[in-house]
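Participant: Attaching a single structure in structure tokens format; questions to follow.
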Amino acid sequence: MCGIVGAIAQRDVAEILVEGLKRLEYRGYDSAGVAVIGGDKQLQRVRRLGKVQALADAIAETPLNGGTGIAHTRWATHGAPSEANAHPHVSCETIAVVHNGIIENHEKLRTELKALGYDFVSETDTEVIAHLVHHELKSHDSLLAAVQSAVKQLEGAYGTVIFDTRDPERVVVARSGSPLVIGYGLGENFIASDMMALLPVTRKFSFLEEGDVAEVTRFEVNIFDLDGNAVVREAKESEVSHEAGDKGEYRHYMLKEIYEQPTAIRNSLEGRLLGGQLDTATFGASADDIFKDVEHVQIIACGTSYHSGMVARYWLEAYAGVSCNVEIASEFRYRKSHVPKNALLVTISQSGETADTLAALRLAKELGYRASLTICNVPGSSLVRESDLAFMTKAGAEIGVASTKAFTTQLVGLMMMTLALGKHHGMSDADQKAMAQALVTLPNKVEETFALAEDIEALAEDFADKNHSLFLGRGDQYPIAMEGALKLKEISYIHAEAYAAGELKHGPLALIDAEMPVIVVAPKNDLIEKLKSNVEEVRARGGLMYVFADTEAKFESDDTMKVINVPHCDDMIAPIVYTLPLQLLSYYVAIIKGTDVDQPRNLAKSVTVE
């Protein structure tokens with residue numbers, strides 16, 4: 001959520017800043033703005049409510065000229081979406097600030113700054129940073145020193161970029177709890193909250209660590225840690241494609257990313273399964289030493305990543321013989337918990353910057369876990385840097401807010417983790433070989449499901465006038481039902497709930513009528529006869545069923561039940577395979593409903609505030 005772009009160059013940077021904001025639109029926002037230092041050292045600022053294109057149109061009418069600038073897309077926290085609350089915020093027409101995060105002591109600081117004579121024109125917590133830095137400059141001889149002093153007074157989370165029109169040759173950035181990346185060019189440098197914003201202008205990046213403050217000029221980047229010591233943050237070349245942000249032939253990013261899943265899964269598997277054996281070094285050099293000690297796994301995640309963790313619990317306990325708990329990060333970090341002996345803390349996050357998950361990892365380090373491992377899609381992200389072990393999913397850039405390929409590659413990583421732990425905890429050779437072989441066949445099985453797209457698109461018409469739905473699954477398909485319900489509610493705004501099918505008679509049956517479509521995932525497994533009984537319970541009460549069933553499960557369509565036959569697959573990978581039809585269903589229902597598929601209302605791709 002929210003996006004930051006900054007630049008300092010000899011050329012005009014407004015176009016670079018706006019293009020960067022467009023590449024961050026997937027993060028979710030409600031307003032956008034740009035501030036540039038003009039050749040006469042005058043502040044030039046344009047802000048607009050709504051889409052970045054409205055900002056681009058305004059700048060086209062009144063061009064901004066200057067080589068030092070900052071830009072922002074805002075997702076409202078303090079103060080309603082409005083032009084007045086949009087970033088950048090300024091103080092005395094000299095200091096300009098963009099900021100991601102939440103300043104928790106902003107009310108106290110606002111009162112103090114008002115007493116010093118500062119006028120506030122917005123409702124935001126961010127404006128206190130601008131005035132505070134302006135005030136600190138009265139007693140410090142550089143913007144860097146003023147910012148270093150100011151951030152010590154801030155409580156909460158921030159990723160912030162600041163310039164002073166009186167000193168246009170530098171910008172200062174600071175990071176605490178909200179990510180920032182430095183992009184290196186030739187005679188120019190850049191800043192962003194996500195390197196995706198900067199791929200058109202550079203491929204060389206370094207990531208700021210917690211507490212870092214950096215001074216950026218055209219030719220130098222000087223970074224200082226929390227204690228003010230000069231430090232070096234290694235710069236690396238990114239392998240992410242500049243074209244990753246293009247929709248290509250697809251109408252929406254989400255549809256493109258659904259169809260990219262076979263390739264993403266192949267990338268996730270590449271070089272990690274050698275001769276049917278997992279190379280555990282893919283998790284880190286010390287993985288084997290850690291995995292042999294593990295007696296319990298604690299998984300922490302949010303949203304879609306939480307659902308992938310729930311699937312992994314079934315795998316870990318059924319195949320690897322390792323006990324597992326799964327918890328929502330925002331709950332874990334605010335309760336007292338018992339840490340079992342030799343427990344492995346596993347975090348799951350597409351971005352690697354999810355605020356609650358990152359905070360849970362830092363808490364876990366204080367609680368005495370044996371080690372930590374993250375399943376993540378972004379190299380260099382905070383979770384990757386701060387965990388003992390890491391599995392990079394290699395899904396590629398995911399732009400659509402509703403996660404698709406990030407989810408399925410997380411499941412691939414978690415199945416590989418199950419293999420790695422099982423090797424040390426009595427998993428039979430037969431099960432190890434079967435799981436490895438199932439993973440090898442997975443990309444092709446996923447591709448086979450795309451043959452169902454036309455049938456699913458036609459089925460989606462039935463949801464045009466529906467406002468509620470129920471998803472059912474049993475065993476490791478229950479979390480997949482939860483994920484299907486989440487996808488439908490995220491992008492079509494249909495209220496959707498998921499239940500373990502055996503729970504129907506304990507309450508949800510009261511909801512069943514002809515206006516409540518019931519979606520069922522039904523692979524051919526040991527629970528199929530139990531599931532069929534649950535289906536009959538719904539049909540007996542006048543419910544309309546939509547069943548995604550294995551071709552061998554013997555479901556037949558009739559007036560009360562529409563069956564979509566899913567290609568048969570191994571039980572081990574069925575949760576991944578059955579995810580695909582539910583993604584397609586949510587997509588086509590959203591098209592019918594006319595919603596904003598890639599940027600659904602009120603949501604953000606990367607949740608970097610609590």
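Participant: Compute the length gained on full extension between SER533 and LEU226: take 0.36 nm times their separation in residues and subtract their Cα-Cα distance, giving the result in nm to one decimal. Before the final figure, lay out the partial values.
Facilitator: Details: separation 307, 0.36 × 307 = 110.52 nm, distance 6.06 nm.
Value of the extension gain: 104.5 nm.
Participant: Calculate, in nm to one decimal, what ALA451 and TYR493 gain on full extension: separation in residues at 0.36 nm each, minus their alpha carbon distance. Write down the numbers at each step before the final one.
Facilitator: On the way: separation 42, 0.36 × 42 = 15.12 nm, distance 2.63 nm.
That works out to 12.5 nm of additional length.
Participant: Mind sorting THR347, THR393 by how few other Cβ atoms lie within 10 Å of their own Cβ, fewest first?
Facilitator: Numbers: THR347 29, THR393 26.
Fewest to most other Cβ atoms nearby, the residues stand as THR393, THR347.
Participant: In segment 68-186, if every C-alpha pair distance is counted and binned at 10 Å from zero, what percent goes to each bin?
Facilitator: Bins of 10 Å from zero give 14, 50, 32, 4, 0 percent of pairs.
Participant: Take the alpha carbon atoms of segment 295-334, find their center, do the same for segment 121-184, and report the distance between the two centers in whole angstrom.
Facilitator: Segment 295-334 and segment 121-184 have Cα centres separated by 39 Å.
Participant: Under a crude label model (7 Å from the Cα following the beta-carbon direction), how far is HIS568 from LYS292 in nanometres?
Facilitator: Calculated label separation equals 4.1 nm.
Participant: Continuing with the same structure: Per DSSP H run of at least 4 residues, take -39500 (n - 2.57); add these up for the chain, divide by its residues and hand me the 222 nm value, nearest 500 deg cm²/dmol.
Facilitator: Details: 19 runs with 199 residues, N = 610.
That comes out to -9500 deg cm²/dmol.
Participant: Run the simple label-point estimate for ARG166 and ALA235 please: 7 Å along Cα→C-beta, distance reported in nm.
Facilitator: 3.1 nm
Participant: Is any residue of segment 153-175 close enough, with backbone N under 14 Å, to a label point placed 7 angstrom from the Cα of THR217 along the Cα-Cβ axis, and if so, which?
Facilitator: Hits in segment 153-175 for THR217 at 14 Å: 167-172.
Participant: Next question, about the same structure. Given R₀ = 30 Å, what would the calculated FRET efficiency be for LYS138 paired with TYR184, taking r from the Cβ atoms and rounding to 0.05?
Facilitator: Numbers: r = 33 Å, r/R0 = 1.10.
FRET efficiency, LYS138 to TYR184: 0.35.
Participant: Using Cβ contacts closer than 10 Å as the measure, can you line up SER492, SER91 from fewest to most?
Facilitator: With the sparsest Cβ surroundings first, the list reads SER91, SER492.
Participant: Could you tell me whether segment 3-237 comes out rounded, prolate or oblate from its Cα gyration tensor? Rule is a ≥ b ≥ c as square roots of the eigenvalues, rounded for a/c under 1.5, then prolate if a/b exceeds b/c, otherwise oblate.
Facilitator: It is rounded, given that a/c, with a ≥ b ≥ c, falls under 1.5.
Participant: Using Cβ contacts closer than 10 Å as the measure, can you line up TRP75, TRP315 from fewest to most?
Facilitator: Values: TRP75 20, TRP315 23.
Result, fewest neighbours first: TRP75, TRP315.
Participant: For LYS336 and ASP246 in one chain, what is 0.36 nm times their gap in residues minus the Cα-Cα distance, to one decimal in nm?
Facilitator: Values: separation 90, 0.36 × 90 = 32.40 nm, distance 4.49 nm.
Full extension of this stretch gives 27.9 nm more.
Participant: Another question about this same structure. Given Cα pairs under 8 Å that are at least 6 residues apart, what percent is the relative contact order of segment 285-355? Write down the numbers at each step before the final one.
Facilitator: On the way: 86 pairs, mean separation 32.7, N = 71.
Once normalised by length, the contact order is 46 percent.
Participant: Let's see if you can work this out: charge +1 on each Lys and Arg Cβ, -1 on each Asp and Glu Cβ, no other charges. What is the dipole magnitude of the chain about its Cα centre, in debye to the nearest 20? Mind dumping the intermediate values first?
Facilitator: On the way: 58 positive and 86 negative charges, 102 e Å.
Dipole magnitude for the chain comes out near 480 debye.
Participant: Relative contact order, percent, of segment 167-248 when contacts are C-alpha pairs under 8 Å separated by at least 6 residues? The partial results should precede the final answer.
Facilitator: Working: 147 pairs, mean separation 24.1, N = 82.
Contact order relative to length: 29 percent.
Participant: Using Cα atoms only, what is the angle between the long axis of helix 303-315 and the major principal axis of the chain, expressed in degrees (0 to 90) to the nearest 10?
Facilitator: With rounding to tens, the tilt is 40 degrees.
Participant: So, one more: Answer rounded, prolate or oblate for the chain, using the Cα gyration tensor with square roots of eigenvalues a ≥ b ≥ c: rounded when a/c is under 1.5, else prolate when a/b is larger than b/c, else oblate. Each step should come with its number before you reach the end.
Facilitator: Working: a/c = 2.09, a/b = 1.63, b/c = 1.28.
Prolate, since a/c reaches 1.5 and a/b exceeds b/c.
Participant: Also, I was wondering about something else. Starting from the Cα gyration tensor of segment 184-327, take the square roots of the eigenvalues, sort them a ≥ b ≥ c, and report rounded, prolate or oblate (rounded when a/c is under 1.5, otherwise prolate if a/b is larger than b/c, else oblate). Display every interim value, and only then the final one.
Facilitator: Details: a/c = 2.18, a/b = 1.43, b/c = 1.52.
It is oblate, given that a/c is not under 1.5 and a/b is not larger than b/c.
Only the coordinates and a few stated rules stand behind these numbers; no lab work does. Worth saying up front: this structure is predicted, and the values here are computed from it rather than measured. Cβ sites come from the backbone with ideal geometry, for glycine too, and all protein chains shown count toward neighbours.
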